[in-house]
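Report on one structure; see the data block that follows.
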Amino acid sequence: LPTEDKELRHAATMPITFDIENSRPCCCGMWKVQQFFGFAAGIAALVGMSLVRPMAEFPSANDMLGITILCGIFWVFEVGPIYITALLPVVLMPIMNITSSEIAAASYWNMIQMLVIGTYLVDIALEEVGLPKRFALKALLSSGRLQPWYLLLVIMASCWVMSMFINTIAVTLMITPFVIGLMNSLEERSRDGEATGYTQEESSSADDSEAQASVESNVTKVQSIANGLLLGVAFSATAGGMATLTGSLPNRILAGDDFVSFRVTWIRWFCYGFPLSLATCLIAYGIIFLRYMRGVHMSELKKQLVQDEYEEFMKENGPFSRDELLVGIAQVVQITLLIVNPWLFSPLVESDHGARLLSDATVAAVPALTLFVMPSVSRPGQSVLTWTAVHEKLDFGMLLLIGGGFAIGRGFTDSGLEDAMGHWFARSTTLLGGFPLAVVVLVMGSLATQFLSSAACATTLLSVLKSASLNAVVNPLQMLLPGTIACSLAFMLPTAAPGNVVVLARSQELSQSLEARDFLLTGFPINLISIPVVAVMGKFLGAAVFDSDTPFPLSTCAESGVSCQVLPIPGMVQGHYVDMQACHVLDVADVNGEKCTTCCQLWNRTIVDLGGFPQKPYAAGEVQPDPMPDNSSGGPEPEPMEPEPEAEPPTPGA
């Protein structure tokens, strides 16, 4: 892989494409063998699904499944740039009569993409002024003699915090050169004999073999520390992205889903994701420490090494400047605005009908725009953030990737594939609930994300889970929250996450570079421990932050169209008393040996006939109330309409 920053930014997401040494015998020297295989397999999958058509009830679902498999295979084998592969849905879905071009194209630009741009602009400014690296070096200099465990702790903590607000690729590109420079200096000192305790004069009188053995032993220790630090950089950056709504692609895809977007705000996700992110990072630290740092003491790992790195940084960037202060203030203001917006600003800007007009995308853009009108001290005559820096470092392809995920999700809905796969998943997990269901979702997602890109994994998995929650009539967030986190547990393979690719490529600058087994042997126990921990913590956090333990939201049922109906059936639903509950409308149900075409299924698998209920228990367009109304946004709580008096609800019976 290339090691230059400019090329490595792209190689982090497309390692096969940017592998500069392997031969490319296919397609006039453009493709490797595996890329040609991926092209043939993807086309075969698309044609096969269109011809075989295993889902007879949903004809278009077969075509959509073929498109999804095609995109997945193209993403895995990098048949083309992954960002261009993300454009395949907008080309193929209209041609295959799944949805219109207008609907598909609308997925590529919405509020989530604007939120990403607003946060990304401030990220670029932080990277330009070098503020995060200055803080990391200052933290290391605060200690006297450095120990490997402390060095790992400071570096992982720095990467973890930065990746909450800065793109993970930028974080790893920023910190990895410092780690490599530090380790190369340490190895050079070890080879000079400093670790043995011998000076050059004393070493001539010492036993040569003993001195050589001691030097080699210390060099091996340095190489072990270097591998641990690089893995710590990658894994902590991945874990940090889980904490914020804009920190990772799966989080952004969840926030852009209309099914739950009104519940998932920046501050709510932070309250949910931050503890899970912290727990995952601590698990990663513990595993890396046990594997690479335990019992390792290096006498030559002194403060002077870090001081040398800091002096080099000062030569390039100079002392703390007003530019760094302004960018730091902009970052703090942006975070503060995202936190207080749902309660402080959003309620003040409403339409005549009471709809809120101010979203997180707007407040995130305000601090970013101010950086373009603030004069720079370091570059007189220019602003703190320039368009040149944005044009060079803003990942426009990421916006296409997010849009491709939204387009596939829309195709799932319009083609009926979402219903078909969701029904299958709901039947397969009908006996599961709560913790066991979360574990199943986490295992599925964490395994899939090792091979698929996080966008492909989140797009497919979340679409299936959304439909499964409707079929099972359980709160969608019970499945979607662990599913989103699972797509970020990408620790086991070098290509599972962009941060992994960056440290793998940069490790070539060490005397002993990282190998695939280092990721597998370290990442597997991290995933193994993280899954049950995240499942337990996520269950309580989801209930506390999102009310995910409540029955299926009636407002979500109202937005689901004819596939869900709200019925005036009082009773206990998943431990909560309700006056009305959601019911999943079945195409055909078998009741006592007879076919029923007007039946629906409650959360406890009870079948009820819709014929005994009012045809329209709610006025057209009225928002139906949730069993436990969420009034955190400050709006008025909706009131249910009484059903018509002549329609008595029947006793539910299987």
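In contact (Cβ under 8 Å) with a residue 60 or more places away in the chain and either open to solvent by 70 Å² or more (accessible area, probe 1.4 Å) or in a loop (DSSP other than H, G, I, E, B) (or both): does that describe residue 7?
It is false that residue 7 is in contact (Cβ under 8 Å) with a residue 60 or more places away in the chain and either open to solvent by 70 Å² or more (accessible area, probe 1.4 Å) or in a loop (DSSP other than H, G, I, E, B) (or both).
Name every residue in segment 141-171 that is among the β-branched types (Val, Ile, Thr) and at pLDDT 85 or above, in order of residue number.
Matches in segment 141-171: 154, 155, 161.
For segment 580-587, state whether one or more residues are among the hydrophobic types (A, V, I, L, M, F, W, C), modelled with pLDDT under 80 and either under 19 Å from residue 471 (Cβ atoms) or in a loop (DSSP other than H, G, I, E, B) (or both).
Yes, segment 580-587 has at least one match.
Of all the residues that make up segment 201-240, how many are over 15 Å from residue 515 (Cα atoms), part of a helix (DSSP H, G or I) and modelled with pLDDT under 85?
Count: 20.
What number of residues within segment 498-513 satisfy the criterion of being open to solvent by less than 10 Å² (accessible area, probe 1.4 Å) and in contact with a helix residue (DSSP H, G or I) (Cβ under 6 Å, 6 or more places away or on another chain)?
6
Give 82, 73, 67, 124 a once-over and let me know the one that is surrounded by 20 or more Cβ atoms within 10 Å (Cβ to Cβ) and modelled with pLDDT under 85.
Checking each option against the conditions leaves just 82.
Would you kindly identify the helices (runs of 4 or more DSSP H) lying entirely within segment 335-419 that contain at least 2 residues that are under 30 Å from residue 464 (Cβ atoms)?
Once the helices (runs of 4 or more DSSP H) in segment 335-419 are filtered for at least 2 residues that are under 30 Å from residue 464 (Cβ atoms), what remains is 360-370, 396-415.
So how many residues does segment 291-334 have that are at pLDDT 80 or above, under 30 Å from residue 518 (Cβ atoms) and in a loop (DSSP other than H, G, I, E, B)?
Of the residues in segment 291-334, 1 are at pLDDT 80 or above, under 30 Å from residue 518 (Cβ atoms) and in a loop (DSSP other than H, G, I, E, B).
Could you give every pair whose Cβ atoms fall below 6 Å, whose first residue belongs to segment 88-102 and is in contact (Cβ under 8 Å) with a residue 40 or more places away in the chain, and whose second residue is surrounded by fewer than 20 Cβ atoms within 10 Å (Cβ to Cβ), counting only separations of at least 6 or pairs across chains?
90/105; 98/60; 98/414; 99/414
Residues in segment 623-646: is at least one open to solvent by 40 Å² or more (accessible area, probe 1.4 Å), under 30 Å from residue 279 (Cα atoms) and modelled with pLDDT of 80 or more?
So far as segment 623-646 goes, no, none of its residues is open to solvent by 40 Å² or more (accessible area, probe 1.4 Å), under 30 Å from residue 279 (Cα atoms) and modelled with pLDDT of 80 or more.
The values are calculated or read from the model by the stated rules, or taken from the named source; none is laboratory data. All values reported here derive from a predicted model rather than from experimental measurement. Note: ideal-geometry Cβ built from the backbone for every residue, glycine included; neighbour counts use all protein chains shown. All accessible areas refer to the heavy atoms of the entire protein, side chains included, with ligands and DNA or RNA removed. Shrake-Rupley method; radii C 1.70, N 1.55, O 1.52, S 1.80 Å.
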